[in-house]
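These notes are about the structure you will find just below.
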Amino acid sequence: MWGEHRYALRATWTGNRGNGTSGYRDYDRSVTIEIDGKPTLLASADKPFRGDPARWNPEDLLLAALSECHLLSYLHACVMTGVVVVGYDDEATGLMVEDGAGSGAFREVVLHPRVAVASEEMRDAAIAAHDKAHALCFIANSVNFPVRHEPTILVADASE
């Protein structure tokens, strides 16, 4: 598992209305993102930047990558520490701030994982596993802004 891992995709602009980028309002920000063997992802700019709000935008994708990476790293950390996770969902939020010069940057992302574990005895280890997951997450280790987590740990209903 050691070594380099390379990733590749095709991003194709599909928003030419016939006049290309002849003016700022003259083209769609529609993009298709493709990886062989995976469903095509329909993407765009965010709505404030003249994008299609029904499509994924780069900011959505960054937030999704951080949330999923933490989730997968967390499941691994739990296996390694004997915590049995029986449910996990996250309501992630991100704050991006424009700089007034046409650019901007994310200032932070906060993950709100809601984790169900198999027994009460696992609660403390389940909380601690979030720190380990954060340290393991490839995506969180790749960004230059804080990625915080505010977890909720629940114990699964034994009668279910």
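The values are calculated or read from the model by the stated rules, or taken from the named source; none is laboratory data. Values in this document were obtained by computation on a predicted structure and should not be read as measured data. Every residue, glycine among them, receives a Cβ derived from its backbone with ideal geometry; neighbour counts consider all protein chains shown.
Okay, here's what the table says:
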read-out	value
Condition check for E59: charged (D, E, K, R) and part of a loop (DSSP other than H, G, I, E, B)	no
Of residues in region 36-50 being surrounded by 11 or more Cβ atoms within 10 Å (Cβ to Cβ) and assigned to a loop (DSSP other than H, G, I, E, B), the one modelled with the highest pLDDT	T40
Strands (runs of 3 or more DSSP E) contained entirely in region 110-160, each with at least 1 residues that are more than 16 Å from the chain's Cα centre (by Cα)	113-117, 152-155
Extreme residue, surrounded by the most Cβ atoms within 10 Å (Cβ to Cβ), among residues of region 77-109 that are in a strand (DSSP E or B) and of a type in the set (D, E)	D90
